[in-house]
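Notes to accompany the following structure.
No lab work stands behind these numbers, since they all come straight from the coordinates. The structure displayed is predicted, hence computed values, not measured ones. No Cβ is skipped: glycine too gets one built from the backbone with ideal geometry, and neighbour counts run over all protein chains shown.
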Amino acid sequence: MTDALGSIDMPERGRSEDDTSESKKKPRRGGKRGKKGPFARLALFYRQIIAELRKVVWPTRNQLSTYTTVVIVFVLIIIGLVTVIDWGINEAVKYVFG
């Protein structure tokens, strides 16, 4: 049987078997994350949230109203479709069972 591509049995490119087996024996602490207390980690988490939100490309008011209209129309169409299917099934059950 052949190994799948990227199997975990093969050492990483540029590393020998000794390097990979040695790193498995020693648990490594995560640098800065391992040394901070819970409040510092929580503060870091919130700073990262703010940094990610600054990267977001927010829609303009025109785009937002267009997207909202499209979603509302789509939901109304689906509501109508489900209502018609429900009514049809209801009438079929009334016909079959009296």
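Which ³J(HN,Hα) values, rounded to whole Hz and listed in residue order, are derived for the stretch 80-86 from phi using the Karplus coefficients 6.51, -1.76 and 1.60 in 6.51 cos²θ - 1.76 cosθ + 1.60 with θ = phi - 60°, glycine and proline given as x?
Whole-Hz 3J(HN,Hα) from phi for the stretch 80-86: x, 4, 5, 5, 5, 5, 4.
According to a simple spin-label model (label point 7 Å from Cα along Cα-to-Cβ), what is the distance in nm between residue 44 and residue 94?
Inter-label distance under the simple model: 6.5 nm.
How much length, in nm to one decimal, is gained on full extension between residue 55 and residue 78, taken as 0.36 nm per residue of separation minus their Cα-Cα distance?
Fully extending the segment from residue 55 to residue 78 adds 4.9 nm.
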